[in-house]
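Here you go, one structure.
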Amino acid sequence: MQDAILAEGLVKTFGDVRALDGVDLNVPTGTVLGLLGPNGAGKTTTVRVLTTLLTPDSGRAFVAGHDVLKHPNRVRQSIGLSGQFAAVDEYLTGRENLQMVGELYQMSGRAAKSRAVELLEWFNLAEAADRPTKTYSGGMRRRLDLAAALVVRPPVMFMDEPTTGLDPRNRLALWDVIQKLVEDGTTLLLTTQYLEEADHLAHDIIVVDHGKVIARGTADQLKAQTGGERVEVVVQDRDLIPTAVEVLRGFSREDVAVDKHTRRLTIPVQGGAKLLAEVIRELDARGIEIDDIGLRRPTLDDVFISLTGHHAEAAMGSDDEDGPGSGEDGPGPDAGEAQTAAAGKDVR
Ligand SMILES: Nc1ncnc2c1ncn2[C@@H]1O[C@H](COP(=O)(O)OP(=O)(O)OP(=O)(O)O)[C@@H](O)[C@H]1O
Ligand SMILES: [Mg+2]
C-alpha cells in the first residue's frame, strides 16, 4: 500500500523549544492515523508542517505524493484541514460559510449549495444554518469548521483535535462522518487527546511527547503495552481495605494500588468480565461491601505513565525539558482541564 502521508526526520525549533525533534511517520492510503499526545507534544506543529503552513528546520515530507517543501501548492490542492481553532467568518451564516468555501474551490454555485445542505445536515447544523456564525456556540463553530474542511472531498484530510469541545452526541456524530469518509477512501491524520477516540477511529496510533514519537501501534497494542485491563474496587469500609487487598492479590501477579482516601483499589488483570464476577463473589464471601466495582481499560494517562513515567497533565504547559520527578509537583494550572478531558473518555 502506498503512503498518502510520509514524514521523515522532521525537526522544528521555536527559540529554545524543540517542538519537533525528529518525527517520522507514515499513513498508508485509505487509513486513519491517530496522533496522540499531551499539550505541547508537537501535534499541531506536525500538522502545520504537513499542511505546508510551517517550514521545518530539517526533514522531508510527502503528502498525496507531493513534496511538502518543493510543491506546497500541489499539496494544498490535495488536502483538507480542520485546525484546532475554528476558522469561520463570523459575519456570514453557516450556510454562506460553506458555500463560500465551495466557490473558492471553483465548484459551481449549485454544487456548492447542495454540498452545504448535505454537510449542515451531517453536522447537526441545519437548524442554525441561516444564522450568522457569531451567534454560534463553541461546539457549533467547531462543527462548522469541520464541515468546511469537507466541502471539496479532498483525498487526504488533517483534523487537529476535531472533537475537543464537542458534546457526546456531536462527538459520536462526527465519528460517523469520519467513518463515512474513510469508507469512501479518504486518508486521515487526526490528532486527539482521547485514547478512546483514536481507538474507535484510527487504524494506527502514534504517541508523541516532547516532539518525539515514543510509541506506535494499534490501540490494542498500546493498551497491552500499558498493562491491559484492570479491576477497580471501591470498598465501603476503610478498615477492610487490607482484607480486600488480600482478595485481589489472588487474581493477579501484579501489585494492588491502594488509594486510602477514596478507598479505591486497583489491580491489573487478565480475564475480562468472567474474572470480574469471580472477584465480586470472593469479596462477598469475605464480607466486604463495595460501593463500586468495574473492569477498566487503560486511559491515555495510563499509556502515558507507562511510556514516559509521568502523568499526561504533568507534561502539560511545561514546554521546557522536565526533570524526572517534576510530575510530583502536583497538577499545574491546566490540570482541571486534563481531568475533564480524561473524564470525557468514558463518554461512550
Ligand atoms: N509559533 C510558535 N512559537 C513558539 N513556540 C511554539 C509555536 N508553535 C508551537 N510552539 C511550541 O512548540 C511546542 C509544540 O506545540 P504544539 O502546538 O505542536 O503542541 P500540541 O501537541 O499541538 O499541543 P496541544 O495539545 O496543546 O494542542 C510547544 O512547546 C509550543 O509552545
Ligand atoms: Mg495542538
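Any read-out appearing in this document is the output of simple, stated calculations on the displayed coordinates, not a laboratory observation. In this text, all values refer to a predicted model and were calculated from it rather than measured experimentally. Virtual Cβ from ideal backbone geometry, glycine too; neighbours counted across all protein chains shown.
How would you classify the stretch 154-309 from its alpha-carbon gyration tensor, with a ≥ b ≥ c the square roots of the eigenvalues: rounded for a/c under 1.5, else prolate if a/b is greater than b/c, otherwise oblate?
Numbers: a/c = 2.69, a/b = 2.23, b/c = 1.21.
Verdict is prolate for the stretch 154-309.
Exceeding 29 Å between C-alpha atoms, which entries from my cross-link table qualify? They are Lys180/Lys212; Lys212/Lys274; Lys70/Lys134; Lys43/Lys113; Lys43/Lys70. Could you put the intermediate results ahead of the total?
Numbers: Lys180/Lys212 31 Å; Lys212/Lys274 39 Å; Lys70/Lys134 38 Å; Lys43/Lys113 33 Å; Lys43/Lys70 22 Å.
Beyond 29 Å between Cα atoms: Lys180/Lys212; Lys212/Lys274; Lys70/Lys134; Lys43/Lys113.
Next question. Counting only C-alpha contacts under 8 Å and six or more residues apart, can you give the relative contact order of the chain as a whole percent?
18 percent
What does DSSP give for the chain in terms of the percent of beta bridges that are antiparallel, rounded to the nearest 5? Write out the running numbers ahead of the final one.
Working: 36 of 54 bridges.
Roughly 65 percent of the DSSP beta bridges within the chain come out antiparallel.
In addition: Enumerate the calculated ³J(HN,Hα) couplings along the stretch 126-136 in order (Karplus 6.51 cos²θ - 1.76 cosθ + 1.60, θ = phi - 60°), each rounded to whole Hz, writing x wherever the residue is Gly or Pro.
3J(HN,Hα) across the stretch 126-136, in whole Hz: 4, 5, 9, 4, 10, 9, x, 5, 5, 8, 7.
What residues qualify as long-range amide H neighbours of Val235, i.e. H under 5 Å apart, gap of 5 or more or another chain, H built at 1.01 Å from N?
Placed amide hydrogens put Leu265, Asp291 under 5 Å from Val235.
At a Förster distance of 22 Å, what's the computed FRET efficiency of Asp291 paired with Gln221, Cβ-Cβ distance as r, to 0.05?
Once rounded, the FRET efficiency stands at 0.05.
What net charge do the residues around Glu229 carry, taking every other residue with its C-beta under 11 Å from that of Glu229, with Lys and Arg at +1 and Asp and Glu at -1?
Here the charged neighbours net out to +2.
Compute the Cα gyration tensor for the stretch 99-215, then decide on rounded, prolate or oblate, letting a ≥ b ≥ c be the square roots of its eigenvalues: rounded whenever a/c is under 1.5, prolate when a/b is larger than b/c in the other cases, and oblate in all that remain.
prolate
Then there's this: Residue by residue through the stretch 213-218, which ³J(HN,Hα) values in whole Hz follow from phi under the Karplus form 6.51 cos²θ - 1.76 cosθ + 1.60 (θ = phi - 60°), with glycine and proline marked x?
Taking θ as phi minus 60°, the curve returns 6, 10, 6, 8, x, 7 Hz for the stretch 213-218.
On to the next question. By the scheme Lys and Arg +1, Asp and Glu -1, what is the net charge of all other residues having a beta-carbon under 13 Å from that of Glu8?
Working: positive: Arg60; negative: Asp3, Asp24, Asp67.
The answer is -2.
Right, another one. What residues qualify as long-range amide H neighbours of Ser82, i.e. H under 5 Å apart, gap of 5 or more or another chain, H built at 1.01 Å from N?
Long-range HN contacts for Ser82: Phe158, Met159, Asp160.
On to the next question. Tell me the label-point distance for the pair His71, Asn124, using the 7 Å Cα-to-Cβ offset, in nm and rounded to one decimal.
4.1 nm
Is the shape of the chain best called rounded, prolate or oblate, per the rule: a/c under 1.5 gives rounded, else a/b larger than b/c gives prolate, else oblate, with a ≥ b ≥ c the square roots of the Cα gyration tensor eigenvalues?
prolate
Now, a different point. What trypsin sites (Lys or Arg not before Pro) does the stretch 203-262 have in DSSP loop regions with at most 13 other beta carbons within 10 Å?
The qualifying sites are Arg253, Lys260.
Would you mind counting up the charge near Asp145? Only other residues with Cβ under 13 Å from its Cβ, with Lys and Arg at +1 and Asp and Glu at -1.
Net charge around Asp145: -1.
Now a separate question. Between Lys180 and Thr55, what FRET efficiency comes out of the Förster formula 1/(1 + (r/R0)^6) with R0 = 30 Å and r the beta carbon distance, rounded to 0.05?
0.35
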